[in-house]
Amino acid sequence: MIPHAKPLLGKEEEDRVIDVLRSGMLAAGSYVQEFEDEFKRYHDSQYAIATSSGTTALHVILQAMGIGAGDKVITTPYSFIATANAILYTGATPIFADIDPVTYNLSPSALNTAVKDHPEAKAVLIVHLFGLPADMDAIQEIAKKNKLILLEDCAQAHGATYQDQKVGTFGTASAFSFYPTKNITAGEGGMVLTDDPMIAEKVKILVNQGQRQRYYHEMVGYNYRMTNIHAAIGLEQLKKLELYNQKRIANAKFYDDHIVNPCIQKPVSPPGRRHVYHQYTLKMKNRDAFTTYLAANGIGYGIHYPLIIPAQPVYKTMAACSGTWPVAEDLADNCVSIPVHPALSQSDLTTIVEVINNYR
């Protein structure tokens, strides 16, 4: 079976983790600080704060912005559920705007409509889905015009760029994930980026049980810290991010050039955007037959995502989830992600293309 995802970990990560174990400093410490410094340097950002996951990173940027009960945050219905859950954690209400049928990211026109329907909305939380940057020119313009706080979920888009600017640096704050299947991993963990010193300071306190000074708790915070062990892995992975992304992009180009099955709709990468292909997601009818065919031919796959967020059992009874999002719903019914990770060999790629082109 050619796996759908495969983390690449080498001796460098192993040596770094052994260094941490031998030091005895397993909790947050100097390795976390070094990872934060390198991550903000890579993004040319002023502040980076490590967290225990991408979900906790999302939670604290929303809370640090003062978003809470009674507030509305506009976001996409088509993402991993953590994007919307983080809004609920603060007591705020997610307002879902449909996605663009070409890029699968939040649609600027749908965002405009959502703002008109909910003029009191406080923020917009965008997702750079599957590694493709959202339409930042249009979204920034709408956010500025309507005085919306702009926040970015970059969990799937490490190193992606829009007009040569890295994602995660457009909004007031952004969140990244280092889950094992991401473009780089720390085993688990997340990161907050911001250029706002007040937001950075509040995030630092929130992730550390509300402490600025040890045992003096000035707010209700959380144990959202990253450990030195995770940071050690992340440090070595960050050094490899560009190489990994180049491989993903090359693998995607091979698919672009060689998948010719008319039953299959391939993903796009509009001009001016660097797609880093966390996923290479196809669209077709009769998905169940196609995935059965892939499995029978030894090719792993993923379905991201079989239900849009408002249709999830825990969401669909909420008043904000009573609408329809036809583009997102259609994609949820008909999408399949195929392997695109940097561990794929040329033989793997050729096999995957041949199998897909022979599908009828």
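The values are calculated or read from the model by the stated rules, or taken from the named source; none is laboratory data. Quick caveat, the model's predicted, so the values are computed rather than measured. Cβ placement follows ideal geometry from the backbone for every residue including glycine, while neighbour counts extend to all protein chains displayed. Heads up: the accessible areas ignore ligands, DNA and RNA and are worked out on the full protein's heavy atoms, side chains in. Shrake-Rupley method; radii C 1.70, N 1.55, O 1.52, S 1.80 Å.
Observations on the structure shown:
- Contact annotation: residue pairs with Cβ atoms under 7 Å, 6 or more positions apart or on different chains, pairing a residue in the stretch 253-267 that is open to solvent by less than 80 Å² (accessible area, probe 1.4 Å) with a partner that is hydroxyl-bearing (Ser, Thr, Tyr), are TYR255/TYR280; ASN261/TYR359; CYS263/TYR359; LYS266/TYR255; PRO267/TYR280; PRO267/THR281.
- Qualifying residues in the stretch 217-252 (those that are of a type outside the set (Asp, Glu), free of Cβ contacts under 8 Å to residues at least 40 places away in the same chain and more than 24 Å from GLU188 (Cβ to Cβ)) - the one surrounded by the most Cβ atoms within 10 Å (Cβ to Cβ): ILE249
- Selection from the stretch 1-27 of residues that are closer than 19 Å to TYR179 by Cβ and not charged (D, E, K, R): PRO3, HIS4, ALA5, PRO7, LEU8, LEU9, GLY10, VAL17
- Counted residues, the stretch 56-78 - those being open to solvent by 10 Å² or more (accessible area, probe 1.4 Å), out of contact with any Gly (no Cβ under 9 Å at 6 or more places or on another chain) and among the polar types (S, T, N, Q): 1
- Top-ranked residue of the stretch 151-172 - restricted to ones that are open to solvent by less than 20 Å² (accessible area, probe 1.4 Å) and acidic (Asp, Glu), ranked as nearest to LYS122 (Cα to Cα): GLU152
- Check on SER23, at pLDDT below 95 and of a type in the set (S, T, N, Q): yes
- Scanning the stretch 288-332 for residues that are farther than 30 Å from GLU354 by Cβ, small (Gly, Ala, Ser) and either open to solvent by 10 Å² or more (accessible area, probe 1.4 Å) or at pLDDT below 95 (or both) returns ALA311, ALA319, ALA320, SER322, GLY323.
- Subset of the stretch 12-55 (residues that are exposed (fewer than 15 other Cβ atoms within 10 Å of the Cβ) and within 20 Å of HIS128 (Cβ to Cβ)): ASP44
- Some residue of the stretch 331-345 being free of Cβ contacts under 8 Å to residues at least 24 places away in the same chain and over 24 Å from the mean Cα position of the chain (by Cα): yes
- Among residues of the stretch 133-173, those that are part of a helix (DSSP H, G or I) and either within 17 Å of the chain's Cα centre (by Cα) or within 30 Å of LYS247 (Cβ to Cβ) (or both), counted: 3
Listed here are the residues, each with its yes/no results for (1) among the charged types (D, E, K, R); (2) under 25 Å from SER177 (Cα atoms); (3) open to solvent by less than 10 Å² (accessible area, probe 1.4 Å).
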residue: GLY91; (1), (2), (3): no, yes, no
residue: ILE99; (1), (2), (3): no, yes, yes
residue: LEU106; (1), (2), (3): no, yes, yes
residue: ASP117; (1), (2), (3): yes, no, no
residue: GLU120; (1), (2), (3): yes, no, no
residue: PRO133; (1), (2), (3): no, yes, yes
residue: MET136; (1), (2), (3): no, yes, yes
residue: GLU141; (1), (2), (3): yes, no, no
residue: ILE149; (1), (2), (3): no, yes, no
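- Subset of the stretch 217-233 [touching a Gly at 6+ places or on another chain (Cβ under 9 Å), outside any strand (DSSP E or B) and not charged (D, E, K, R)]: MET219, VAL220, GLY221, TYR222, TYR224, MET226, THR227, ASN228, ILE229, HIS230, ALA231, ILE233
- Counted residues, the stretch 188-216 - those being touching a residue at least 12 places away in the same chain (Cβ under 8 Å) and either buried (at least 20 other Cβ atoms within 10 Å of the Cβ) or outside any loop (DSSP other than H, G, I, E, B) (or both): 16
- Qualifying residue in the stretch 48-56 (condition: over 21 Å from PRO310 (Cβ atoms), touching a Leu at 6+ places or on another chain (Cβ under 7 Å) and at pLDDT 95 or above): yes
- Among (1) in a helix (DSSP H, G or I); (2) at positive phi - the single one LYS239 does not satisfy: (2)
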